[in-house]
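S.K.: Below you will find the structure I want to go over with you.
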Amino acid sequence: MTEPIQLAILLGRGERPDMAIDELWRRAQSAVANHDVPVHCVAGYARPPQAAGTVCHGNVDVVGLEISAPGRFGALVDSLAAKPGPLGIAGRLVKYNLASRRVARALKKDHQLMNIFCQADVIVSADPEADRAVWMLRRRTSARLMHGPFAMANALSQAARD
């Protein structure tokens, strides 16, 4: 039997991570279906401090990353992001930047999950907030670093062919 492909997924947004994990898992399965290669998947998702409960999935090992709350500056940025025009655009850019930094810090703090991600064959950031955290792994792993479901499917089918 062939050795399974190790897939790591990171989600930076807290809205419905179960649906995003399920969608990415289905795409991963369909990407390697013709090659008869198993896939083992670990997914990390950003869990805000006030979130209740955990996310679970039958075929994926799911780990919640405790991200810090935005704080007073985050509240100011949220109010700017809600405004129309150039000020709102700048506010939304700063908001995404701060969110991606919080996700990257949370992954860096979780040494066990960081080691699992570094041993994966393919690492996927599922949304823009997770891009920075995945990109910071570039010097620690030889895994293919991807963003989104289509790039993940291409990387998995290529890994299955190799």
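S.K.: I'm checking my understanding of the structure. Among residues of the stretch 9-35 that are more than 18 Å from the chain's Cα centre (by Cα) and among the polar types (S, T, N, Q), which one is nearest to Lys108 (Cα to Cα)?
M.R.: Here the residue is Ser30.
S.K.: Determine, yes or no, whether Lys109 is buried (at least 18 other Cβ atoms within 10 Å of the Cβ), farther than 28 Å from Ala153 by Cα and of a type in the set (D, E, K, R). Working first, answer last.
M.R.: Working: buried (at least 18 other Cβ atoms within 10 Å of the Cβ): no; farther than 28 Å from Ala153 by Cα: yes; of a type in the set (D, E, K, R): yes.
Criteria not met by Lys109.
S.K.: Select, from Val103, Val55, Val62, the only residue that is in contact with an Asp or Glu (Cβ under 8 Å, 6 or more places away or on another chain), modelled with pLDDT of 85 or more and within 23 Å of Met19 (Cβ to Cβ).
M.R.: Val103
S.K.: State which residue is nearest to Ala28 (Cα to Cα) when the search covers only the stretch 129-152 and only residues that are touching a Ser or Thr at 6+ places or on another chain (Cβ under 7 Å) and surrounded by fewer than 22 Cβ atoms within 10 Å (Cβ to Cβ).
M.R.: His147
S.K.: Still on this model: All but one of (1) part of a helix (DSSP H, G or I); (2) among the hydrophobic types (A, V, I, L, M, F, W, C); (3) more than 14 Å from the chain's Cα centre (by Cα) hold for Ala104; which doesn't?
M.R.: It fails just one condition, (3).
S.K.: A further question follows. Checking Glu66 against (1) in contact with a helix residue (DSSP H, G or I) (Cβ under 8 Å, 6 or more places away or on another chain); (2) surrounded by fewer than 19 Cβ atoms within 10 Å (Cβ to Cβ); (3) closer than 21 Å to Ser30 by Cβ; (4) not basic (Lys, Arg): exactly one of these is not met. Which one?
M.R.: Single failed check for Glu66: (3).
S.K.: What residue, of Ala160, Ala90, Ala75, is farther than 21 Å from Ala20 by Cβ, touching a residue at least 60 places away in the same chain (Cβ under 8 Å) and part of a helix (DSSP H, G or I)?
M.R.: Ala160
S.K.: Is it fair to say Ile116 is aliphatic (A, V, I, L, M), surrounded by fewer than 19 Cβ atoms within 10 Å (Cβ to Cβ), within 28 Å of Asp36 (Cβ to Cβ) and in contact (Cβ under 8 Å) with a residue 60 or more places away in the chain?
M.R.: yes
S.K.: Among the residues of the stretch 2-24, are any surrounded by fewer than 20 Cβ atoms within 10 Å (Cβ to Cβ), in contact with a helix residue (DSSP H, G or I) (Cβ under 9 Å, 6 or more places away or on another chain), farther than 22 Å from Met114 by Cβ and modelled with pLDDT under 90?
M.R.: Yes.
S.K.: Which residues, taken from the stretch 1-51, are aromatic (Phe, Trp, Tyr) and part of a loop (DSSP other than H, G, I, E, B)?
M.R.: Those that are aromatic (Phe, Trp, Tyr) and part of a loop (DSSP other than H, G, I, E, B): none in the stretch 1-51.
S.K.: Now for a separate question. Tell me yes or no: at least one residue of the stretch 35-58 is within 28 Å of Thr141 (Cα to Cα), in contact (Cβ under 8 Å) with a residue 60 or more places away in the chain and surrounded by fewer than 18 Cβ atoms within 10 Å (Cβ to Cβ).
M.R.: Yes, some residue in the stretch 35-58 is within 28 Å of Thr141 (Cα to Cα), in contact (Cβ under 8 Å) with a residue 60 or more places away in the chain and surrounded by fewer than 18 Cβ atoms within 10 Å (Cβ to Cβ).
The values are calculated or read from the model by the stated rules, or taken from the named source; none is laboratory data. Please read these numbers as outputs of a predicted model, since none were measured by experiment. Every residue, glycine among them, receives a Cβ derived from its backbone with ideal geometry; neighbour counts consider all protein chains shown.
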